[in-house]
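The structure appears below as structure tokens.
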């Protein structure tokens, strides 16, 4: 079995790769990479500039029939030390959960494999296995396909929306949370939008259903407090630029953490 060639390695990581092209193989010493085979992926159609109803939203968020032309897609790549730092005691479970979030957040139908060089084969990964400087693959059964989670790229800096809806959302989020979810500081905190306002209500309902597996409440709006959380000013800036993300690990057990 031969491996696809590896795209160029960024100076630091882990990072998300949006390139579908393969390049000349490089030395992977100390590097961890997560991939998925292209036949398991279906590409999204080109979305309309303005999505004004649920039908257009469903079309934009439903993968089509085409797959990427390269053998595989690089999802994450970076120094092993960075992955170990972020995964902490979760070991390979952390990488498996992250792969689910990117590839199949609602159904978790895939499993994680790792390329074992001495054996020249892909081997199953247990959740308790330590992460290694290897190539991992999110593996799906033949015939099972997914559309990868998408990032809503920002064209320009958001302009604060001075509307009653936005103000009401901010008030409700701050009243609900009371303090930053991460640092627990209570002032100053901002209402950080989990779901970008620019994507609109119609897409918001589809995202809600995809990630919760629940039917969205009637007339769910991007200004509903369920799409916001309190973060400190510093963390809000990172969260806003996709430099920081949050992931469910377990229910909060201490009332002192979140009011």
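Since every read-out is calculated from the coordinates, none of them should be taken as a lab result. Owing to the predicted nature of the structure, the values given are computational and were not obtained by experimental measurement.
Averaging sequence separations of C-alpha pairs under 8 Å and six or more residues apart, then dividing by the length of region 164-240, give the relative contact order as a whole percent.
Relative contact order, region 164-240: 45 percent.
In percent, what relative contact order does region 15-139 have, based on Cα pairs under 8 Å that are 6 or more apart in sequence? Provide the component values of the computation, followed by the final result.
Details: 200 pairs, mean separation 41.8, N = 125.
Taking the mean separation of contacting Cα pairs over the length of region 15-139, I get 33 percent.
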* log10 I(q)/I(0), Debye, Cα-only region 15-139, no solvent, q = 0.12, 0.15, 0.22 Å⁻¹? -> -0.52, -0.77, -1.36
